[in-house]
Amino acid sequence: MKLTSHSAAEIASVLAGNHTLVNPNLEISNLLIDSRKGRQFESSLFIALDGDFRDGHRFVLEMYKKGVRNFLLSKPVDEIPEANVFMVNSTIAALQDLARHQRNITPIPVIGVTGSNGKTIVKEWLYQLLHSEFNIVRSPKSYNSQIGVPLSVWTMNTDYNLGIFEAGISLPGEMNRLQKVIQPSIGIFTNIGLAHQENFESTKQKVKEKLALFKEVEFLVYSADAKAIHNEVKEILPVEKLLSWGTADTNFLQIIGTNSHQRKTIIHGIHQGKKVSITIPFLDEGSLENA
């Protein structure tokens, strides 16, 4: 996978803060957050994440000895005289700013996926369905957090012509930040469930928070049978942007029935007045919903 390179000077222009550039022409292509992993250290930016359970600043000197010469920090570290140092208030916010910059200079369509369950499966199934027609960049594994999303989006470049990224949240306000990073042109809302419910006042609030990912999409795919989602979707997007599926004949795709036998299920529907069907090698309700 080819990564786009940015000079240290360009990185400094993206990030608000006080930066010390020993070598402003040094090219940066890799982002590192784990001192135990990494390669091509000379072209890497080590991001010292500082959270409740970790402090990446403790590993700066170790990474410097390995050859890293670019560091994103939120507090000073001694004994790295030959390194470019980008000093910011929050390294996580700065990481998101870098990824947003990468997204802004990579004008390709992006599918954004969120929901309580099924995000990774839907993303991977979409990749399998579309990779023969598109050169796709996508989230690795289940990289859908405030850290995982920007690390995924950073890998975008113009060699690709489609992106698929998943986004998950556990607190109010988080999706607004991820929306600015992913900037999806097509949205998929898989479902809504009880995951992380303790951090939201109600299911309605959680749906509203997740829908922030889709406020600028061209189209949104979702289940109109999920009333908690359907009722809120209509408040943020015009009807012409809604590609709903469900049992009612008013849906973009009407589901009229399923037949399960011999470890497979046939899903029957009506789309634009024509009967359609697909066969999937699954019987469980979760897989049916994802399909």
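The values are calculated or read from the model by the stated rules, or taken from the named source; none is laboratory data. From a predicted model like this one, the values you see are computed outputs, not experimental measurements. Reconstructed Cβ throughout: ideal geometry from the backbone, glycine too, with neighbour counts over all protein chains shown. For the accessible areas, the whole protein counts, side chains as well, though only heavy atoms, and no ligand, DNA or RNA atoms are used. Shrake-Rupley method; radii C 1.70, N 1.55, O 1.52, S 1.80 Å.
Of all the criteria given as (1) open to solvent by less than 70 Å² (accessible area, probe 1.4 Å); (2) within 30 Å of Ile164 (Cβ to Cβ), the one not satisfied by Arg100 is (1). Criterion applied to Phe282, Phe219 was being free of Cβ contacts under 8 Å to residues at least 40 places away in the same chain and open to solvent by 80 Å² or more (accessible area, probe 1.4 Å), and the one residue passing it is Phe219. Among residues of segment 144-172 that are under 17 Å from Pro109 (Cα atoms), those with a beta-carbon under 6 Å from a residue that is of a type in the set (Ser, Thr, Tyr) and open to solvent by 30 Å² or more (accessible area, probe 1.4 Å) at least six positions away or on a different chain give the pairs Ser152/Tyr143; Asn157/Thr4. Within segment 21-50, the residues that satisfy the criterion of being touching a residue at least 40 places away in the same chain (Cβ under 8 Å) and either surrounded by fewer than 14 Cβ atoms within 10 Å (Cβ to Cβ) or in a loop (DSSP other than H, G, I, E, B) (or both) are Leu21, Val22, Asn23, Pro24, Leu26, Ile33, Ala48, Leu49.
Each row is one residue, and each column tells you yes or no for (1) closer than 20 Å to Asp97 by Cβ; (2) modelled with pLDDT of 95 or more.
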position: Leu15; (1), (2): yes, yes
position: His19; (1), (2): yes, yes
position: Arg36; (1), (2): no, no
position: Arg39; (1), (2): no, no
position: Ala48; (1), (2): yes, yes
position: Arg54; (1), (2): no, no
position: Leu61; (1), (2): no, yes
position: Lys65; (1), (2): no, yes
position: Val85; (1), (2): yes, yes
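Check whether at least one residue in segment 69-92 is open to solvent by less than 20 Å² (accessible area, probe 1.4 Å), at negative phi, in contact with a Ser or Thr (Cβ under 9 Å, 6 or more places away or on another chain) and assigned to a helix (DSSP H, G or I), and report yes or no. Scanning segment 69-92 turns up at least one residue that is open to solvent by less than 20 Å² (accessible area, probe 1.4 Å), at negative phi, in contact with a Ser or Thr (Cβ under 9 Å, 6 or more places away or on another chain) and assigned to a helix (DSSP H, G or I).
Taking segment 174-208 as the range and being under 15 Å from the mean Cα position of the chain (by Cα) and open to solvent by 40 Å² or more (accessible area, probe 1.4 Å) as the test, the residues that pass are Asn176, Arg177, Lys180, Gln183, Ile186. Are any of the residues in segment 137-151 at pLDDT 95 or above, within 15 Å of Ser185 (Cα to Cα) and basic (Lys, Arg)? Scanning segment 137-151 turns up at least one residue that is at pLDDT 95 or above, within 15 Å of Ser185 (Cα to Cα) and basic (Lys, Arg). When restricted to residues that are touching a strand residue (DSSP E or B) at 6+ places or on another chain (Cβ under 6 Å) and small (Gly, Ala, Ser), segment 113-144 contains 2.
Scanning segment 1-18 for residues being part of a strand (DSSP E or B) and open to solvent by less than 50 Å² (accessible area, probe 1.4 Å) gives a total of 2.
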